[in-house]
Structures are given as C-alpha cells and as structure tokens.
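J.: Here it is, the structure, as structure tokens.
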Amino acid sequence: MLFKKQLILLASVAFFAMGASAAEGDSTKIHNPMLWADVPDPDVIRVGDTFYLVTTTMHLMPGAPVMASKDLKNWETVGYIFDKLTDSPKYDLLEGTVYGRGQWATSLKYHDGKFWALLAPNEAGRMGDTYIFTAPKAEGPWTIHSRLRHFHDATLFFDDDGTPYVFFGTGEMCQLTRDLKGVVEGSLRHYFQREADERGLLEGTRVIKHNGVYYAQLISHVYAPGRHRREVCYRTKDLNGTWEKNVILESDFGGFSYLAQGTIVDTEDGDWYGIMFQDRGGVGRVLTLSPVRWIDGWPMLGDEYGKVPDVMRPYKSGQPKKEIVCNDDFSSTKLGLHWQWNHNPIDNAWSLTERPGFLRLKTNRVVPNLYLAPNTITQRMFGPVCSGVVCIDFSKMKDGDCAGFSAFNGDSGVLALKKRGKTVYLEMSEQKVSLSDREKAVTNVEDKMIEGVSVSGIAPKATKIWLRIDGDFQPRHNDVANFYYSLDGMEWKQIGTKNYRCIFDYRRFFMGSKFAIFNYATKKAGGYIDVDEFKLL
C-alpha cells in the first residue's frame, strides 16, 4: 500500500513539473528561472490568497523590496520595508560606501494580524545591529519596532503560542522576549553541529512549523568528492530536543551549477512549493520554483528525480501579467516602486513635478566618478535577453557634467554624455571600481574610453538623445551587453565595445547587473538632465 501511495504521489508531482497542457499555450507556464533577475536570499510567505516575497538589495534604496503574486508566476513590487538606512554617512556615499553590504537576507512573517520583518545589515559594530520592522500590511507603512544584536542570515519565527525566536548563523538560535525588544537570557544555543566536510557556513536559515514539526532549512557548502552545494533541512518536534538532518535538494539546473538557499511555502489548497536561488553570473542570483513532495515527513524539493524542473504549471490560471522591471514615462508624481537608487538619494536633487512627464536629475555635489555619484537610479537587467532604452534631454547640462546610461556593477559598461565647454560628447567606456575591504571606500576607478562621438558635431541643434543597452544572459552566451545611441529613437548606431562582458563579483557589489541612469558634476553643481522615458524593447 505504501508503494502504491508513493507511485500516486510521484505521478502527481510529475504533472506539477510537466506544466499545463499544450492547449493552454506556452505563455501560461512558469519557465524556470521563475524570476530571471537578481532576487537573492528569498523569504516567501502566504497570507490568504497572496504570496509575499522579500529579497536582498544591499546598497540600493529604498531597501528590502516586498513582492506579491497570486500565482507564483506574475510578481510585482508592492512596497519596501525602509526608504533609507541612516546609521552611517557611508549610506550617503560619504566617508566610504556600502557596496555589497547594507540590507541582507530579510526574514518576513505574518503574526497576530501584522507583518514582521527582521534584517541585519552585513556590517561590523553598531551598523550591523539587527532591525525588526512591523507593518499593518505588506505594502507598508513599515516602522522600526526594535534594534537587537547582529544575527547573521537570520529568520524570525513565532511558535503556535506566540513565543518569538531567532534562528541564525550556522545552527544557532535564541528566544526573544514577548515584546520582540530583547533576547531571553540564557536562551542562546546551537541546535546542530555541521558535518566535517561542511567547511563553509550553513546559512540563509528559514524556519517553518508543519504538522507539529519544526523545520529549519539552510544552504550547505560541502567539499567532499561527489557532493555539491545543496539545501539541507533539520527537523524536531521539540525545540530543546535533538534535531534530525536530511538533504532536501541537490540539483544543478539549466547548464549552471548547483543551487540552494530559499524556503518552502504552502497554497490555500495544501500544495507546497520550494523557491531557491541560483548563481547565474552577470545577471545575478535568480529564483527557481520547484514542487515539494512530503516523503517520510521531509519536504523534498524537485520533480520525481529530485531535479528543478524546466517548466511548471502556475498555481492559478488567468492572473494578469505583472513584472518587477517596468517601463516608465514618468507621468506620475510619485516614483514607481520598480526603481531603486544607488545608496540613499538626495531628495531635493530629483523631481517628477518640476517638468511634468519627466524625471529631473540635478547635480548637487562635485564627485570624481560614477561610483560616488548620488541619485543614480536603477532597475534590474534580466534574462534571457533584455533591452532598455532611455531618452535624455541634456540641454541644461553644465561644463564638467557627466550623465547617461550604464550596465552598472563593479565592472560597468557606460554610455556617458560629457559636457566640455559648450560641446557635448557621447562616450562608451569600460569602468572598473576598486574598493577598500573595510570601509568599501572607492580607492580607484579604471575608466577606459572605447569610442566617442561629438553630439554637438553631428547634430548641432540636438537637445535629446536615446541611449540603449542590450543584455544577453542566455547560458553559454557569456553574459554580454551591447550599446547603442539614436538621435530620433528609431535609427540606432552601435558604439563602443561589442559584447561587453557583464560579471558578478562577490567581493565588491555582490549583485547582478543593473540598468542605471545617472547625472553628476565634476566641476560645479547646478546642472540637470530631464529623463523623458525608460522603455523595454
């Protein structure tokens, strides 16, 4: 009888992984990666009929984006847990930076009619103290509830009786006071010890309780022959008792290496799904969706072979299409939630109302390079291919100003409009930043100009220019970007490096490549550009 039940279960999972019938059309299916963009360190919960997801965005502001979906296919950004972090001038690109630091691995929970979020910036000292936020709804407004000691890659967990806990680091946990403003004295302990070949951290903890059993899920880095990055699970019926361990996912996917770190979530109908991220080079860390099979009380991720499926059926059909990267004509008086600033913005140096229908970016301080430029505004580049166009009115730039469009990362491909005297030049350059290990201070920027053209020379009366960046993140296509410009938005001319290599570097940005619009002064503040539109082709 047990064997027969397992065959039925495997057949059901196979249907999940296979996706919808051919009659439904390919566009209705979920193709992994579920989100082919930089959405690392996910935590996912369900409240009613809606799934909510939080992700890491580090130095980008507002931070800790909250995304929502009804069907696990169509996701949109519905809010942010904070607008700015203000513990240090480094968040303002002063006295250092927070590239690759800032907000990490936020935990999201719903308890007692409120949303709760816990995050700990990846910083030393006071800057790294844990934040606990709360909100009446996922969209916000979120308020700071308390600050606690640093908990690395932590998850907040409420037991059935409301007792709060934090699980963090490699197998550490503690109980919080009922008001979530302190740690219960003497409650800190290790609930497991890692195995000998797990020499890396076991991190990214996510904890759920199901049928009276506690489950802690973590990424495990192992170095023994034949073993890979994987997702492991510890379980117990007693938080003070012994925890058992099992590997719940060990799968490569899509021509890339093995993946792990994420969580599992149930549906209103009692089905379960696993959401895990995979490192994919220049585009960043992407999200995959898998069915969950409960076998002998363990949440096993993947299809009947334990692999992440290529295609799945959406949990619900007929949902409207939603995206986390969006077109914008800047007709609203409020900035869309799909945008994030590089570090804290200077609020009086940008506007959507001074010239309705345009985003105005004003220079406000003199800086030497793009990596220290305030008010650089970004959206994710994405796979398998993407093409972003920005239209810029550059007529109010001042001598020494630099504005444009970039495939932005620690190594950046940059299209820059440079005002020299009365002449405006367009240059495509390759830029590479060096950062100090401790302060993340910019110590050097290697700026290699590849090709330039005098805009004033080829179009003396021009006040607008269209800039375009194409990204290709298909497997084995080497994560490349190409750069173009146009004087009418229709006829394009390629400029600069062909197939510029976009890279992912965990020692600097630790982030996937971004579309970035920028404007900064190298001589005197006071100029500005007006951005007419951002469009995806």
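The values are calculated or read from the model by the stated rules, or taken from the named source; none is laboratory data. The model shown is predicted, which means the values in this text are computed figures rather than measured ones. Methodologically, a virtual Cβ is constructed for each residue, glycine included, from the backbone with ideal geometry; neighbour enumeration extends over all protein chains shown. Remember, those area values only see protein heavy atoms, side chains included, never the ligands or the DNA or RNA. Shrake-Rupley method; radii C 1.70, N 1.55, O 1.52, S 1.80 Å.
J.: Which pairs turn up if I take residues in segment 161-172 that are part of a loop (DSSP other than H, G, I, E, B) and look for partners that are surrounded by fewer than 17 Cβ atoms within 10 Å (Cβ to Cβ) with beta carbon separation below 6 Å, at least 6 apart in sequence or on another chain?
T.: THR170/LEU201; GLY171/HIS190
J.: Listed residues ARG235, ARG280; which is out of contact with any Ser or Thr (no Cβ under 8 Å at 6 or more places or on another chain), buried (at least 24 other Cβ atoms within 10 Å of the Cβ), modelled with pLDDT of 95 or more and not β-branched (Val, Ile, Thr)?
T.: Criteria check complete, one pass: ARG280.
J.: Right, another one. Any residue at all in segment 100-114 that's of a type in the set (Ser, Thr, Tyr), over 13 Å from the mean Cα position of the chain (by Cα) and open to solvent by less than 10 Å² (accessible area, probe 1.4 Å)?
T.: yes
J.: Can you spot a residue in segment 388-408 that is hydroxyl-bearing (Ser, Thr, Tyr), open to solvent by 10 Å² or more (accessible area, probe 1.4 Å), under 24 Å from GLY457 (Cβ atoms) and outside any strand (DSSP E or B)?
T.: Yes, there is a match, as at least one residue in segment 388-408 is hydroxyl-bearing (Ser, Thr, Tyr), open to solvent by 10 Å² or more (accessible area, probe 1.4 Å), under 24 Å from GLY457 (Cβ atoms) and outside any strand (DSSP E or B).
J.: Does segment 273-299 hold any residues that are farther than 17 Å from SER69 by Cα, part of a strand (DSSP E or B) and without any contact (Cβ under 8 Å) to a residue 60 or more places away in the chain, and which are they?
T.: Residues satisfying the conditions are VAL292, TRP294.
J.: Please work out which one of (1) surrounded by 13 or more Cβ atoms within 10 Å (Cβ to Cβ); (2) at pLDDT 95 or above is the condition GLU198 fails and give its number.
T.: Unmet condition: (2).
J.: Could you check segment 61-120 and list, in sequence order, the residues that are touching a Ser or Thr at 6+ places or on another chain (Cβ under 9 Å) and of a type in the set (S, T, N, Q)?
T.: Those that are touching a Ser or Thr at 6+ places or on another chain (Cβ under 9 Å) and of a type in the set (S, T, N, Q): SER69, GLN103, THR106, SER107.
J.: Turning to a different aspect of this structure: Mind checking which pairs have a first residue in segment 455-474 that is in contact (Cβ under 8 Å) with a residue 12 or more places away in the chain and a second that is open to solvent by 40 Å² or more (accessible area, probe 1.4 Å) and not in a strand (DSSP E or B), Cβ under 7 Å, 6 or more apart or different chains?
T.: Listed by first residue and then by second, the contacts come to ALA459/LEU487; ALA462/LEU487; THR463/SER395; ILE465/LEU487; ARG468/TRP492; PHE473/PRO384; GLN474/PRO384.
J.: Out of SER434, SER429, SER412, I need the residue that is under 30 Å from ARG280 (Cα atoms), buried (at least 21 other Cβ atoms within 10 Å of the Cβ) and in contact with a Ser or Thr (Cβ under 6 Å, 6 or more places away or on another chain). Which one?
T.: SER412
J.: Examine segment 474-482 for a residue that is open to solvent by 20 Å² or more (accessible area, probe 1.4 Å) and either touching a helix residue (DSSP H, G or I) at 6+ places or on another chain (Cβ under 8 Å) or part of a strand (DSSP E or B) (or both), and state whether such a residue exists.
T.: Among the residues of segment 474-482, at least one is open to solvent by 20 Å² or more (accessible area, probe 1.4 Å) and either touching a helix residue (DSSP H, G or I) at 6+ places or on another chain (Cβ under 8 Å) or part of a strand (DSSP E or B) (or both), which makes the answer yes.
J.: One residue is enough: does segment 419-426 have a residue meeting the conditions without any contact (Cβ under 8 Å) to a residue 60 or more places away in the chain and in contact with a Phe, Trp or Tyr (Cβ under 7 Å, 6 or more places away or on another chain)?
T.: Looking through segment 419-426, at least one residue is without any contact (Cβ under 8 Å) to a residue 60 or more places away in the chain and in contact with a Phe, Trp or Tyr (Cβ under 7 Å, 6 or more places away or on another chain).
J.: I would also like to ask the following. I need every pair where a residue in segment 130-149 that is closer than 21 Å to VAL47 by Cβ has its Cβ under 6 Å from the Cβ of a residue that is among the hydroxyl-bearing types (Ser, Thr, Tyr) and in a strand (DSSP E or B), sequence separation at least 6 or different chains.
T.: Hits for this filter: ILE132/SER146; ALA138/TYR52; HIS145/THR134.
J.: Among the residues of segment 369-379, write down those that are under 23 Å from PHE358 (Cβ atoms) and either out of contact with any helix residue (DSSP H, G or I) (no Cβ under 9 Å at 6 or more places or on another chain) or open to solvent by 20 Å² or more (accessible area, probe 1.4 Å) (or both).
T.: Of everything in segment 369-379, those that are under 23 Å from PHE358 (Cβ atoms) and either out of contact with any helix residue (DSSP H, G or I) (no Cβ under 9 Å at 6 or more places or on another chain) or open to solvent by 20 Å² or more (accessible area, probe 1.4 Å) (or both) turn out to be LEU370, ALA373, ILE377, THR378, GLN379.
J.: When both residues are 6+ apart or on different chains and their Cβ atoms are under 8 Å apart, which pairs have a first residue that lies in segment 332-361 and is within 20 Å of SER406 (Cα to Cα) and among the basic types (Lys, Arg), and a second that is part of a loop (DSSP other than H, G, I, E, B) and open to solvent by less than 60 Å² (accessible area, probe 1.4 Å)?
T.: ARG360/LEU352
J.: While we're here: I'm checking my understanding of the structure. Among residues of segment 34-63 that are over 22 Å from ALA216 (Cβ atoms), not β-branched (Val, Ile, Thr) and not in a loop (DSSP other than H, G, I, E, B), which one is most open to solvent (accessible area, probe 1.4 Å)?
T.: Looking at residues that are over 22 Å from ALA216 (Cβ atoms), not β-branched (Val, Ile, Thr) and not in a loop (DSSP other than H, G, I, E, B), I get LEU35.
J.: How about segment 346-379: which of its residues are closer than 20 Å to TYR91 by Cα and either among the charged types (D, E, K, R) or assigned to a helix (DSSP H, G or I) (or both)?
T.: Passing the criteria: ASP347, ASN348, ALA349, LYS362, ARG365, LEU370, TYR371, LEU372.
J.: Could you check segment 485-511 and list, in sequence order, the residues that are open to solvent by less than 40 Å² (accessible area, probe 1.4 Å) and more than 28 Å from ALA441 (Cβ to Cβ)?
T.: Once the filter is applied, which keeps residues that are open to solvent by less than 40 Å² (accessible area, probe 1.4 Å) and more than 28 Å from ALA441 (Cβ to Cβ), segment 485-511 yields TYR485, SER486, GLY489, ILE495, GLY496.
J.: Kindly list, by first and then second residue, each pair from a residue in segment 311-328 that is open to solvent by 70 Å² or more (accessible area, probe 1.4 Å) to a residue that is among the charged types (D, E, K, R) and outside any loop (DSSP other than H, G, I, E, B), limited to pairs with Cβ atoms under 6 Å and residues at least 6 apart or on different chains.
T.: Every condition considered, the pairs that remain are LYS322/GLU76; ASN327/LYS535.
J.: Looking only at segment 512-532, filter to residues that are more than 17 Å from ILE324 (Cα to Cα) and charged (D, E, K, R); which one of those is least open to solvent (accessible area, probe 1.4 Å)?
T.: The extreme case among them is ASP530.
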